[in-house]
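First up is the structure itself, then whatever we jot down about it.
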Amino acid sequence: MTTAPEVGRDRRRKEDARLITGRTNWTDNIQLPGMLYVAFLRSPMAHARIRNVDVSGVLGQDGVVAAYTGADLAAEQGSLPCAWPVTEDIVIPDHPPMAVDEVRYVGEAVACVVATDRYVAADMLELIEIDYEPLPPVLDMEAALAEGASLVHSDKGTNASFTWPFSAGDVDAAFGDDAVVVSRRYVQQRLIPAAMEPRSVVVAPEGDGYTMWSATQIPHVLRLMLAMVTGIAEHQLRVVAPDVGGGFGSKLQVTAEEVITLLLAKRLRKPVKWTEGRTEGIQTTHHGRDQIQKVALAADRDGRFRGLKIELLADMGAYLMLVTPGVPLLGAFMFPAIYKFDAYSFTCTGVFTTKMPTDAYRGAGRPEATYAIERLVDEMAVELRMDPMELRRRNWIKHEEFPYTTIATLTYDTGNYEAATEKALQLFGYDKLRAEQADRRERGDAVQLGIGISTFTEMCGLAPSRILGQLAYGAGGWESASVRMLPTGKVEVVTGSSAHGQGHETAWSQIAADQLGVPFEDVTVLHGDTRVSPKGMDTYGSRSLAVGGTALVQACDRVVDKAKRIAAHMLEASEEDIEFEGGTFRVRGTPEPATTIQEVALATFAAHDLPEGVEASLDSDATFDPENFSYPHGTHLCAAEVDTETGMVKLRSYVAVDDVGVVINPLIVEGQVHGGLAQGIAQALYEEAVYDSEGNLLTSTLADYLIPSAADLPEFVTDRTETPSTTNPLGVKGVGEAGTIASTPAVVNAVVDAIRQFGVNDVPMPCSPEHVWRAIQEAGGEPATTLGRGPGR
Amino acid sequence: MPRVRTTVDGVTYEGEVEARLLLTHYLRDRLGKVGTPIGCDTSNCGACTVLLDGMSVKSCTMLAVQADGSEITTIEGLDGQAAASANGEAAGHPVQKAFREFHALQCGYCTPGMIMAAVDLLRDNPDPSDTEIREGLEGNLCRCTGYVNIVRAVQSAAAELRGTPS
Ligand code: FES
Ligand code: FES
């Protein structure tokens, strides 16, 4: 029986049945007999020497089981890992999970209490005595690099962790006297990822080993790292990521609390749980972005781009966490974006400050790069008095030029920027909005209209292991899959990537259903438990489908190959004459005899009559290592209304046309785009983590840190073009980060465009009413044209 | 210690609680009603929303003792028949079904609260505009979906509840 392919269908998600009815398994739901709760005492100082910590007042109190300082655990707690030492001479400070001698950011753990009840554990923190000797906070990256600056790590002699350079082509020539040059300084504000599920970890001693349940994106990487940090043998550790409530990079981490909870379970031989409060989470779950970008674009008078120069300062925070220094490098390759250049130079210095460490946050390096280039292109268009879309057209890689090797040495396999742009312009009504903009300017309307463009690409499918090796990353970028054919013909798919909202259970079922010719409903997808899926590189960097999905295809192919031999034997034909389609094996060119893959599965299980030398199993594994990244792209257009009197920005319309290659499930893809847009727009308009001059995080609750609600965001218009990737057999590219990467510059370009006639050429993010209003005032507050404003305004 | 008597999803519970115990911890830790999650400590996120005598409340803003004598409905009891079927066929309250149909959830952490808030919103306003839905759900944060599909789901559920399928 041939059925319609599953790939491309908007299947409703399998995971939803439990999520909409509350039958979920969040880590904090877990209750085990005799379970203990841990609470952490955290530093209120941004930088201080710990003179003395005394937990003796806690011991012996009702319900208290134990209390420890960093010094108590110093011998076994190790140092939290950084897996990406980006240069040979990188400075990597020790990072004890609980501070021993010195604290370097507000929120750093200094002691812990273990009690029989979570309220008691929290209460007892007050009874810990601690004596700090204040040290100067280090809060500003540029000041931190100046001669004589106070040091975050005094033993290192510098606040610079590393400088990573790249250059290609003759940059001096590109920026020669005959070039038109636009130079800018942009600030990528610090952001709080704020997944809705707080971090949580439970560790239970089991036999000689331990099981850890953690709200993590990376159970496999975590297990390996825990073994390396604590010395507990890897085979005695099982890590489970049960239902995980969002991550966006923030759960791509090996955290202090995971290490300490494990050590407490080991010492006390009892299950131990820790769940962060939201304030604790905002302070101590890693932050994202935080870069100062000095950028310059050189072009010919006729608008042809010649060169690009990027100088970054990237705030590492107080320590290097799992991939902290690698994040700006992921951006290094993306500044040239979809454009052709003669020359490119990039340098990034990682800087220590007394703030929470930064690390991956949705897009990780690529949003920063895309922002800078897409803002710069708009500024160049103004300089050249050219339509910003026309300037992009003149410089982007044309569809017939793929595969194309960029100045940053990446080879983009496929793309069609013309097609995506064409579609976006139609949906948006570009010409009409430009006419309205002109009209509002003419009238001197208090509410001005701006149009923002973002023609972006990004790199997904992390990552070819060979390239990761060249970039000094500590591991590879492969992914694994296993397919188990059960005797009844039902299928278990095991994937090494670890979903936390992406819908793997549905999409992987669709892929397996097509490959094996079995019903969608007959497939179960298992993930996120190192005992069930022993091999994996987990989920981040829009990699799951391009890498893990390909591994699944390969594993399915192997199942079919094995089944074909047995089917040939059953059908008394030679293997070469057997064809497989829609779940049925038959002798080529004849309808009968035939046998289904389910019948073969049962015959294989029974094993009564297998061909000579064939083992009684169809189960297969595959590990796929991509040869290249994949490169989703798209054109996003934003129309923003800016009230020039209040600075208030209102998004009037937002059109996103994305090319993410072949789509397995359009419903899931659209959802990923929507959510990505929300986060990118949030950076443009709402969110900023603010530290005061003492190093206190002022935005440490959801009342102060403005995650947009439904009332703050517009309806989105989304559509797609489809240019299959040629680097994987599915033709997929990845979609998890596209919306976030594209939307921030689209929105800010629209805001700046709306008020450019006042002489404004930038508004610092977030474009809050205050920032917008100030930008207008600082530019003089009057339109630069002679149009003037009507009376009464 | 004070005694508290509540009926939660049709089952009556009675027992002593610490006076300071939050309703949300009472539900999760004492009664095992872990379908209702916690997302913050400042009553901003709405993840913990339940119906208390038919009205939506953020269960982290109340003490368990304040719920004494009340009838509470959580996501687990929104529809008596709403069992999660292995293959995920649609089951449950029209709002639950619409959330699945319109892909109004990704990680699902905000979903119990979002659904309970939407149920209350539609009780109040059976035929809301998109703007009214967006404003009505302002107290419930979702970090995954961008809200577009949530608005679509609530519109569709509203139509079904009114008996005029969209
Ligand atoms: S947990 Fe109740 S509002 Fe956030
Ligand atoms: S679905 Fe993840 S927070 Fe809403």
Within the range A:81-88, identify whether any single residue is closer than 16 Å to A:Glu280 by Cβ and among the charged types (D, E, K, R), and answer yes or no. no
Selection from the range B:68-91 of residues within 11 Å of chain A (Cβ to nearest Cβ), at pLDDT 50 or above and assigned to a loop (DSSP other than H, G, I, E, B) yields B:Thr74, B:Leu78, B:Asp79, B:Glu89, B:Ala90, B:Ala91
Going by what's in this entry, would B:Lys33 be described as modelled with pLDDT of 95 or more, away from ligand 2 (no atom under 16 Å from the Cβ) and within 13 Å of chain A (Cβ to nearest Cβ)? yes
Being within 16 Å of ligand 1 (Cβ to nearest atom) and more than 15 Å from A:His674 (Cβ to Cβ) is the filter here, so list the residues in the range B:90-110 that pass it. B:Gly108, B:Tyr109
Identify the residue in the range A:193-239 that is more than 16 Å from ligand 1 (Cβ to nearest atom) and within 14 Å of chain B (Cβ to nearest Cβ) and, among all such residues, is farthest from A:Asp28 (Cα to Cα). A:Pro193
Members of the range B:96-126 found to be in contact with a Lys or Arg (Cβ under 7 Å, 6 or more places away or on another chain) and away from ligand 2 (no atom under 13 Å from the Cβ), listed by number: B:Glu101, B:Pro126
Single residue of the range A:1-48 satisfying the filter (outside any loop (DSSP other than H, G, I, E, B) and at the interface with chain B (Cβ under 7 Å from one of its Cβ atoms)) that is surrounded by the most Cβ atoms within 10 Å (Cβ to Cβ): A:Leu19
The one condition in (1) in contact with a Pro (Cβ under 9 Å, 6 or more places away or on another chain); (2) within 14 Å of ligand 1 (Cβ to nearest atom) that B:Thr42 fails to fulfil: (1)
If we keep only residues of the range B:47-72 that are small (Gly, Ala, Ser) and open to solvent by 20 Å² or more (accessible area, probe 1.4 Å), then the residue nearest to ligand 2 (Cβ to nearest atom) is B:Ser56
I'd like the residue in the range A:707-725 that is of a type in the set (Ser, Thr, Tyr) and within 9 Å of chain B (Cβ to nearest Cβ) and, out of all such residues, is most open to solvent (accessible area, probe 1.4 Å). A:Thr718
For A:Ser542, which of the numbered conditions (1) open to solvent by 40 Å² or more (accessible area, probe 1.4 Å); (2) part of a loop (DSSP other than H, G, I, E, B) fails to hold? (1)
Checked A:Leu222, A:Leu252 against criteria (without any contact (Cβ under 8 Å) to a residue 40 or more places away in the chain and outside any strand (DSSP E or B)); the one match is A:Leu222
Spot the failing condition for A:Leu252; the list is (1) farther than 29 Å from A:Ala233 by Cβ; (2) open to solvent by 10 Å² or more (accessible area, probe 1.4 Å); (3) within 15 Å of the chain's Cα centre (by Cα), and only one is missed. (1)
Within the range A:342-354, is even one residue surrounded by fewer than 21 Cβ atoms within 10 Å (Cβ to Cβ) and assigned to a loop (DSSP other than H, G, I, E, B)? yes
When you check A:Ala703 against the structure, is it open to solvent by less than 50 Å² (accessible area, probe 1.4 Å) and at pLDDT 95 or above, yes or no? no
Just checking, how many residues over the range A:49-62 are without any contact (Cβ under 8 Å) to a residue 60 or more places away in the chain and either open to solvent by less than 40 Å² (accessible area, probe 1.4 Å) or among the acidic types (Asp, Glu) (or both)? 1
Return the total of residues in the range B:2-30 being within 11 Å of another protein chain (Cβ to nearest Cβ) and more than 19 Å from A:Tyr119 (Cα to Cα). 1
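The values are calculated or read from the model by the stated rules, or taken from the named source; none is laboratory data. Please read these numbers as outputs of a predicted model, since none were measured by experiment. Glycine gets a Cβ as well: all are built from the backbone with ideal geometry, and neighbour counts include every protein chain shown. These accessible areas exclude ligands, DNA and RNA; they are computed on the full protein's heavy atoms, side chains included. Shrake-Rupley method; radii C 1.70, N 1.55, O 1.52, S 1.80 Å.
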